[in-house]
1. Considering each of B:GLY268, B:GLY227, B:GLY257 in turn, give the residue that is in contact with a Lys or Arg (Cβ under 8 Å, 6 or more places away or on another chain) and either of a type outside the set (Ser, Thr, Tyr) or over 30 Å from B:CYS190 (Cβ atoms) (or both).
2. Applying the selection to segment B:175-219, what residues are more than 20 Å from B:LEU300 (Cβ to Cβ) and part of a helix (DSSP H, G or I)?
3. When only residues in segment B:31-55 that are among the hydrophobic types (A, V, I, L, M, F, W, C) and surrounded by 10 or more Cβ atoms within 10 Å (Cβ to Cβ) count, which is modelled with the lowest pLDDT?
4. Residue by residue through segment B:324-361, note down the ones that are surrounded by fewer than 14 Cβ atoms within 10 Å (Cβ to Cβ), more than 14 Å from chain A (Cβ to nearest Cβ) and not aliphatic (A, V, I, L, M).
5. When the residues of segment A:153-165 are filtered to those that are surrounded by fewer than 19 Cβ atoms within 10 Å (Cβ to Cβ) and under 14 Å from A:CYS125 (Cβ atoms), which remaining residue is farthest from the other protein chains (Cβ to nearest Cβ)?
6. Of everything in segment A:107-137, what is more than 17 Å from B:GLU359 (Cβ to Cβ), basic (Lys, Arg) and facing chain B (nearest Cβ under 10 Å)? Give them in sequence order.
7. Looking at A:ILE104 and the list (1) more than 14 Å from chain B (Cβ to nearest Cβ); (2) modelled with pLDDT under 95, which single condition is not satisfied?
8. Exactly one of these conditions fails for A:LYS237: (1) in contact with a helix residue (DSSP H, G or I) (Cβ under 9 Å, 6 or more places away or on another chain); (2) under 27 Å from A:VAL208 (Cα atoms). Give me its number.
Amino acid sequence: MSLVYRKSVDLLTVAKWIMRREIRSLSSLPEKAEEKDVAVEEKRHIGRRPRPQNPMLEYRNVYPEFLPDPNPNWRNSLREKLERVDMLKRRNQINIPEFYVGSILAVTISDPHAQGKTNRFVGICIERKGCGLRAEFTLRNVVDHQGVEVRYELYDPTIQTIQVLRLEKRLDDKLYYLRDALPQYSTFPFDMDPEILPEGTPVPINPVQVELKPRPWLERWERQELKGISNIEEYLKEKDRVRRELRKTPWEKYDLMKQYRKTIPIEEQNEIWGEVYNQLQQMKTSKKKITRKRVMSAPKSQLG
Amino acid sequence: MATSNLLLLCNSFNKLSVSNVVKRCCHYRPPRYRPPYWFMPKERVVSEDMLTQENRDFLAEVKQDKHNFQHSLESPLTNVDTPQTTEWTQSTRRVGVIARKIGNYPLWTKDGKKFQTTLLQVSDNHVIKYIPPDEFNPMKSKKMKKEPWKEKRTLGCLLVGAESIDPSTVTKDYCGMFTKVGMLPKRHLCRFMVSPNAQLPTGTPLYATHFRVGDCVDIRAKTIDRGFQGVMKRWGFKGMPASHGVTKTHRRPGNIGGGGEKARVWPGTKMPGHMGNSWRIIRGVKILRINPEHNVLWMLGVAIPGETGAMCYLYDTVLPLKKLKTPPPFPTQLNSLEIPQEYYDDCIHQFEQPTITFEES
């Protein structure tokens with residue numbers, strides 16, 4: 001018994017040590033909001049050397065698709081370089097804004113079969129994945145009591161505009177559970193007005209927790225440790241709870257090797273961002289100028 | 001009347017016949033070990049040389065000098081004052097290039113359709129040696145000995161190497177093949193059969209612009225080595241059910257032979273075994289885009305054999321309907337300076353062009 005106790009104490013000390021070393025994941029995906037808060041709190045508590053502020057590294061959340069796939073079998077520096085050049089060329093043609101999973105977007109594409117040859121769709125972004133020119137995102141909405149999901153490719157030249165109607169994050173990385181939630185949680189009007197955030201504010205996190213419909217579900221949501229579901233316990237049987245406990249993998253967050261394999265090392269990231277930083281910054285400033293002009297000219301048109 | 005029509009049809013079919021096309025047979029062929037006669041063993045046993053640091057530095061300097069000298073050499077074609085007298089015809093065969101597969105990413109057409117493409121990098125290719133048709137006597141297999149080759153050879157052999165390497169890492173014999181003609185040894189060496197009028201002098205560099213966009217090429221490469229595989233992965237058998245009383249035979253082939261008079265396993269029966277690491281030729285792959293600066297070709301499709309980083313050999317296609325119609329750069333393209341940044345096929349949307357919109361008819 002005492003041995004077991006000692007072992008658990010050892011584990012705790014190891015965990016504490018890891019937390020103190022401030023080992024952070026440089027994930028290619030946007031970091032979880034909570035992790036950030038924890039990191040900030042820690043810094044306050046410990047009060048050690050401040051983290052070197054690298055503005056380039058902030059870009060890994062805003063432009064995650066510029067980081068290549070970390071699988072070493074698929075990597076090639078020349079291909080990645082050519083891909084980035086093509087991405088920047090496309091970004092010069094169309095404004096691809098900053099958005100996250102949970103943001104509400106309106107996408108207009110040119111469609112040869114649609115009336116007027118364009119098609120506009122509004123929805124909540126439930127996933128964002130892929131690297132380089134393969135980057136894609138999925139929008140979900142409920143139209144006429146029917147759930148609709150459309151997957152768009154970020155660098156598809158048929159996309160005319162991508163407009164962020166509400167910039168925010170949710171509690172989870174992927175919102176697939178909206179498919180099993182009540183339809184009110186994924187219903188958004190097509191004539192929604194864009195909400196403008198004041199400059200410099202951090203991206204807000206929407207703490208809304210959705211209600212699931214009764215079973216059957218598309219996936220076993222209870223096993224995925226989701227924070228954005230409120231009423232999952234009432235649908236679970238004793239059997240499900242037992243299985244959930246058995247399937248838990250609490251050691252995975254301490255698996256540094258696994259984390260390393262999933263991410264791009266910081267030295268390589270610095271190289272990549274150093275290559276594209278200036279162009280992205282230029283695009284950002286030019287975009288700001290355009291929006292300012294629009295704000296100035298809007299009242300005139302109303303008066304007229 | 002009917003017979004003459006039939007003859008005409010036969011004739012036209014005969015014209016369509018494809019020479020030298022390797023049939024993709026459904027049966028497994030064991031690997032034939034038949035090295036080319038110019039082949040020399042390449043791998044060397046590396047031993048500790050007990051050199052001082054000074055000597056090491058000196059050797060490194062010499063290697064660097066040799067490398068620089070090799071790169072500063074001009075193409076021997078540029079110095080030739082008289083242009084090539086021979087013209088390209090449909091029956092001539094040009095030299096091919098050695099390329100490295102560096103990955104794949106999508107391109108879009110002008111009508112908004114998405115194409116998956118494979119990127120091939122033509123890396124540091126040089127012509128090593130030309131062997132005229134009379135002197136070219138490849139090693140004959142057992143089958144050939146029975147029926148000796150009577151037809152007169154018309155094609156010569158052109159050796160092409162890719163990627164210069166450190167001469168001290170390879171054997172003396174292998175290195176000697178290159179030093180005889182005044183080149184640094186190359187990591188990859190390949191043979192292309194060419195018409196005598198398409199021969200090239202030693203040291204001619206080959207670039208991605210050897211091909212044009214819109215042309216079709218054949219690509220020969222080694223497939224991914226998957227090791228010893230079962231019958232489901234190797235031949236696509238269905239296996240057996242997961243339940244309903246099935247025990248221990250979920251991925252097995254089942255019956256492999258009949259009874260009675262044929263009570264044996266027929267030759268060529270599909271069974272478990274080694275899968276992959278065999279040569280395969282994919283024919284008629286279209287080139288969609290060329291970057292002459294980095295020597296990169298964008299090929300249509302993702303079916304080019306081998307994993308990312310594997311080498312493959314490209315040459316003009318032999319498919320009769322996809323053969324070159326207009327004369328390509330012959331015998332090869334000189335790297336002239338006044339070339340545009342990139343070449344695109346007509347159907348491909350360039351990323352610097354504005355967004356695709358459709359007109360209402």
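The values are calculated or read from the model by the stated rules, or taken from the named source; none is laboratory data. Predicted model, so just to flag it, every value in this text is computed and none were measured. Cβ placement follows ideal geometry from the backbone for every residue including glycine, while neighbour counts extend to all protein chains displayed.
1. Details: B:GLY268 fails: in contact with a Lys or Arg (Cβ under 8 Å, 6 or more places away or on another chain); B:GLY227 fails: in contact with a Lys or Arg (Cβ under 8 Å, 6 or more places away or on another chain).
That would be B:GLY257, the only listed residue that is in contact with a Lys or Arg (Cβ under 8 Å, 6 or more places away or on another chain) and either of a type outside the set (Ser, Thr, Tyr) or over 30 Å from B:CYS190 (Cβ atoms) (or both).
2. First pass over segment B:175-219, keeping only residues more than 20 Å from B:LEU300 (Cβ to Cβ): B:175-207.
If the condition is that a residue be more than 20 Å from B:LEU300 (Cβ to Cβ) and part of a helix (DSSP H, G or I), then B:CYS175, B:GLY176, B:MET177, B:PHE178, B:THR179, B:PRO196, B:ASN197, B:ALA198 are the ones that fit.
3. Initial filter on segment B:31-55 (among the hydrophobic types (A, V, I, L, M, F, W, C)): B:38-40, B:45-46, B:50-51.
Keeping just the survivors that are surrounded by 10 or more Cβ atoms within 10 Å (Cβ to Cβ) gives B:38-40, B:51.
Values: B:TRP38: 70, B:PHE39: 76, B:MET40: 80, B:LEU51: 89.
Across segment B:31-55, the extreme among qualifying residues is B:TRP38.
4. Within segment B:324-361, B:LYS325, B:THR326, B:PRO327, B:SER336, B:GLU338, B:PRO340, B:ASP346 qualify.
5. Applying the filter and picking the extreme gives A:LEU165.
6. Step one: list which residues in segment A:107-137 are more than 17 Å from B:GLU359 (Cβ to Cβ), which gives A:107, A:120-137.
Now narrow it down to the ones that are basic (Lys, Arg): A:120, A:128-129, A:134.
Of everything in segment A:107-137, just one residue is more than 17 Å from B:GLU359 (Cβ to Cβ), basic (Lys, Arg) and facing chain B (nearest Cβ under 10 Å), namely A:ARG134.
7. (2)
8. (1)
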